[in-house]
1. Taking the options 118, 151, name whichever one is surrounded by 13 or more Cβ atoms within 10 Å (Cβ to Cβ) and either touching a residue at least 24 places away in the same chain (Cβ under 8 Å) or within 15 Å of residue 5 (Cβ to Cβ) (or both).
2. Name the residue, out of 83, 102, that is under 30 Å from residue 137 (Cα atoms), modelled with pLDDT of 95 or more and within 29 Å of the chain's Cα centre (by Cα).
3. So which residues in the range 47-78 are in contact (Cβ under 8 Å) with a residue 24 or more places away in the chain and within 17 Å of the chain's Cα centre (by Cα), if there are any at all?
4. Pick from 121, 130: which is within 11 Å of residue 85 (Cα to Cα) and out of contact with any strand residue (DSSP E or B) (no Cβ under 8 Å at 6 or more places or on another chain)?
5. Kindly indicate which of 70, 15, 92 is assigned by TED's automatic domain parsing to the domain that holds residue 121, modelled with pLDDT of 90 or more and under 30 Å from residue 128 (Cβ atoms).
């Protein structure tokens with residue numbers, strides 16, 4: 001099953017700028033390094049040349065990865081304030097707890113729990129998509145336990 005990749009405008013801009021930098025500046029730097037190290041004698045024993053080739057391979061792999069992400073990406077804006085959706089921020093309480101947690105719903109490429117950014121592909125988000133403020137929902141966590149939440153607010 002093919003998944004769409006979602007990015008916020010900020011992340012899309014960041015990845016696009018990285019791709020341009022890698023294809024222009026960084027490629028040029030590595031090409032120059034390969035020229036310099038390639039002229040240093042026997043290539044079989046030239047550690048600097050082999051390091052430059054490895055750097056070139058890593059660069060090309062990252063460029064290909066970025067191109068794949070960006071080619072079919074859906075850029076999302078702040079999301080709806082009426083229902084849970086990609087690009088929006090949701091405030092939840094877990095059943096039996098008083099503490100509220102806040103998550104920004106983002107694409108998988110952007111997910112980062114330490115920043116409160118949760119992937120649209122996560123079971124939690126899948127269970128709350130299109131729900132409204134005040135609604136309760138539940139889902140089965142990967143460990144098999146039933147999780148229950150209430151949507152306190154949608155920002």
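1. Details: 118 fails: either touching a residue at least 24 places away in the same chain (Cβ under 8 Å) or within 15 Å of residue 5 (Cβ to Cβ) (or both).
The conditions single out 151.
2. Working: 83 fails: modelled with pLDDT of 95 or more.
Only one candidate passes the filter, namely 102.
3. First pass over the range 47-78, keeping only residues in contact (Cβ under 8 Å) with a residue 24 or more places away in the chain: 55-56, 59, 62-63, 66-67, 69-70, 72-77.
Within the range 47-78, 62, 63, 66, 67, 69, 70, 72, 73, 74, 75, 76, 77 meet the criteria.
4. Numbers: 121 fails: within 11 Å of residue 85 (Cα to Cα).
Criteria check complete, one pass: 130.
5. Numbers: 70 fails: assigned by TED's automatic domain parsing to the domain that holds residue 121; 15 fails: assigned by TED's automatic domain parsing to the domain that holds residue 121.
Every option except 92 fails the conditions.
The values are calculated or read from the model by the stated rules, or taken from the named source; none is laboratory data. Just so we're clear, the structure is a prediction, and the values are computed from it rather than from any experiment. All Cβ positions, glycine included, derive from the backbone under ideal geometry; neighbour counts span all protein chains shown.
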